[in-house]
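*Asks:* Got a structure here, written out as C-alpha cells. Questions coming.
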C-alpha cells in the first residue's frame with residue numbers, strides 16, 4: 001500500500017470516526033450547559049464535515065489531492081516508502097515553477113550532452129515535430145516523410161516526447177513528439 005493510500009484511508013477514518021466523536025463530545029457538553037439549539041446545527045455541520053473528509057480521502061488515494069500542502073502526516077506514518085510516494089516529491093517544494101524550470105534545464109543539458117556524444121562520427125541530424133495524435137491519413141503522411149528523408153540519406157533514429165510551452169508562455173503547455181533522423 002503506497003503512502004497516498006495510507007493518507008487517504010486516515011482522512012476517511014477521521015471523517016467517519018473522528019468527526020463523530022468530536023460531534024458527540026460537543027453535543028454532550030452543550031446539553032450540560034443547556035444550549036440545545038447548538039445540538040440541532042451540530043448534526044448538520046458534522047454530516048458536512050464527514051462527507052468532506054471522505055471526499056478528500058478518496059481524492060488523496062486517487063492522487064488528485066495532497067494533504068501535505070496543509071498538514072504533514074509523514075511524521076505520523078514513519079515510512080520510507082519512496083516507490084509509492086511519487087507525488088510527494090512533486091508537492092514537497094511548493095514552488096513548482098522553479099522545479100519545472102530546473103527539470104527543463106537539466107533535460108536540455110542532458111540532450112545536448114547525449115547529442116554531442118553521438119556526434120563523434122560527424123553525423124548529421126534532422127529533428128522534426130511529428131505531433132501527438134494521428135489519423136489514418138496522418139500516419140500515411142508520416143510514412144511519406146520518413147521515406148522522403150530516407151531518399152535524402154537520413155535514417156530514422158528515434159522519437160521522444162517533449163512539452164511545448166503555451167502561447168507566449170502563458171497558455172497551457174502541450175505534448176508533442178519529435179522524430180530524429182541521422183545521416184552518416
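*Asks:* Condition (residue is within 30 Å of residue 69 (Cβ to Cβ), modelled with pLDDT under 80 and part of a helix (DSSP H, G or I)) applied to the range 152-167: is it met by at least one residue? Break it down into steps so the answer makes sense when it comes.
*Replies:* Residues of the range 152-167 within 30 Å of residue 69 (Cβ to Cβ): 161-167.
Now drop any that are not modelled with pLDDT under 80, which leaves 164-167.
Still in the list and also part of a helix (DSSP H, G or I): 167.
Looking for residues that are within 30 Å of residue 69 (Cβ to Cβ), modelled with pLDDT under 80 and part of a helix (DSSP H, G or I), one finds at least one in the range 152-167, hence yes.
*Asks:* Return the residues of the range 161-184 that are under 17 Å from residue 103 (Cα atoms) and out of contact with any helix residue (DSSP H, G or I) (no Cβ under 9 Å at 6 or more places or on another chain); say none if nothing qualifies. Walk me through how you get there before you give the answer.
*Replies:* Keep residues of the range 161-184 that are under 17 Å from residue 103 (Cα atoms), which gives 161-165, 169, 173-175.
161, 164, 165, 169, 173, 174, 175, listed by residue number.
A quick yes/no check of all residues on (1) surrounded by 11 or more Cβ atoms within 10 Å (Cβ to Cβ); (2) at pLDDT below 70; (3) not in a strand (DSSP E or B):
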site	(1), (2), (3)
88	yes, yes, yes
129	yes, no, no
139	no, no, yes
148	no, no, yes
177	yes, no, no
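*Asks:* Collect the residues in the range 31-52 that are modelled with pLDDT of 75 or more and over 30 Å from residue 63 (Cα atoms), keeping them in residue-number order.
*Replies:* Selection gives 32, 33.
*Asks:* List the residue pairs whose Cβ atoms are under 9 Å apart, where the first residue sits in the range 149-178 and is farther than 19 Å from residue 131 by Cβ, the second is part of a loop (DSSP other than H, G, I, E, B), and the two are 6 or more positions apart or on different chains.
*Replies:* Pairs found: 153/184; 155/184.
Quick grid of which residues meet (1) within 28 Å of residue 74 (Cβ to Cβ); (2) out of contact with any helix residue (DSSP H, G or I) (no Cβ under 6 Å at 6 or more places or on another chain); (3) outside the structural domain of residue 75 (by TED's automatic domain parsing); (4) not in a helix (DSSP H, G or I):
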| position | (1), (2), (3), (4) |
| --- | --- |
| 8 | yes, no, no, no |
| 17 | yes, yes, no, no |
| 22 | yes, yes, no, no |
| 28 | no, yes, no, no |
| 31 | no, yes, no, no |
| 44 | no, yes, no, no |
| 50 | yes, no, no, no |
| 55 | yes, yes, no, no |
| 60 | yes, no, no, no |
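The values are calculated or read from the model by the stated rules, or taken from the named source; none is laboratory data. Quick caveat, the model's predicted, so the values are computed rather than measured. Neighbour counts are summed over all protein chains in view; Cβ atoms, including those assigned to glycine, are modelled from backbone coordinates with ideal geometry.
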